[in-house]
Amino acid sequence: MRNVCYIVGAIASAIYYLHFMPQQSPYFVEQIFKVIPMLFIILLSYRFHDVRQEKYSEAIVFALIWITLGNITLPYLFLSLICFSLGQLYFLRAFSTTPWKTPPKWLLSMLVAFAAIVIGWVVGNILKDHLYVLAVIISFYIAITLTTLWASFHTRQWTIISATVCFMFSNLLFAIDNFITALPELQLIVMTPYYCAGLLFSISIVKYFGLPNKVVE
């Protein structure tokens, strides 16, 4: 039952933050409410990890902590990218503990084409302003993100793949807003897939271990 409370708490607090949080709230208060859904998700993941002390669940818990820190430190872009990168390295570590099945070659071709488009689009706009160091850093981060996505396909588990796609989509929208063009309702369209990714990664622990009943305990 406690797990259900964590899930409901994560969803309810995310809805409040995205739809009902007063726009004129102090920055510190806004940051607290932004983190609350992820705290519920991290606690949920830890509960699942406590059931089976395995490398997959442990890596997921650490990854969620790092991407939460990445979100908190967004005003400091380089620090934020370091946190998000560490989070994705933990996701990669988690995926590597699952049985891998090679995905179809056409999927790899699509991913490579997508990578070329994204890097050309985002990094190309950064280079227009002669921000060469930032362009290298962003290229490196995009490479990590796409590697994480590619690794998720090897797991052949829909929760892991869906979570990774949501996380990548959130990253992409943030990059478009910061380096290409301003997007309307940025907070809503970036944080919604971000929260969905966190919750799906957490649920992937019980899916991976085949413990569906633990969700409602």
Does Phe95 satisfy the condition of being surrounded by fewer than 19 Cβ atoms within 10 Å (Cβ to Cβ) and over 22 Å from Tyr27 (Cβ atoms)? no
Considering the range 180-204, residues that are among the small types (Gly, Ala, Ser) and under 10 Å from the mean Cα position of the chain (by Cα), and then whichever is nearest to Ile72 (Cα to Cα), we arrive at Gly198
Selection status of Tyr76, of a type outside the set (D, E, K, R) and more than 22 Å from Cys196 (Cβ to Cβ): yes
Count - residues of the range 112-124 that are surrounded by fewer than 18 Cβ atoms within 10 Å (Cβ to Cβ) and in contact (Cβ under 8 Å) with a residue 40 or more places away in the chain: 1
The range 129-150: number of residues that are open to solvent by 50 Å² or more (accessible area, probe 1.4 Å) and within 10 Å of Thr164 (Cα to Cα): 1
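The values are calculated or read from the model by the stated rules, or taken from the named source; none is laboratory data. Fair warning: this is a prediction, and the values are worked out from it, not measured in the lab. In this analysis, Cβ positions are derived from the backbone assuming ideal geometry, glycine residues included, and neighbour counts consider all displayed protein chains. These accessible areas exclude ligands, DNA and RNA; they are computed on the full protein's heavy atoms, side chains included. Shrake-Rupley method; radii C 1.70, N 1.55, O 1.52, S 1.80 Å.
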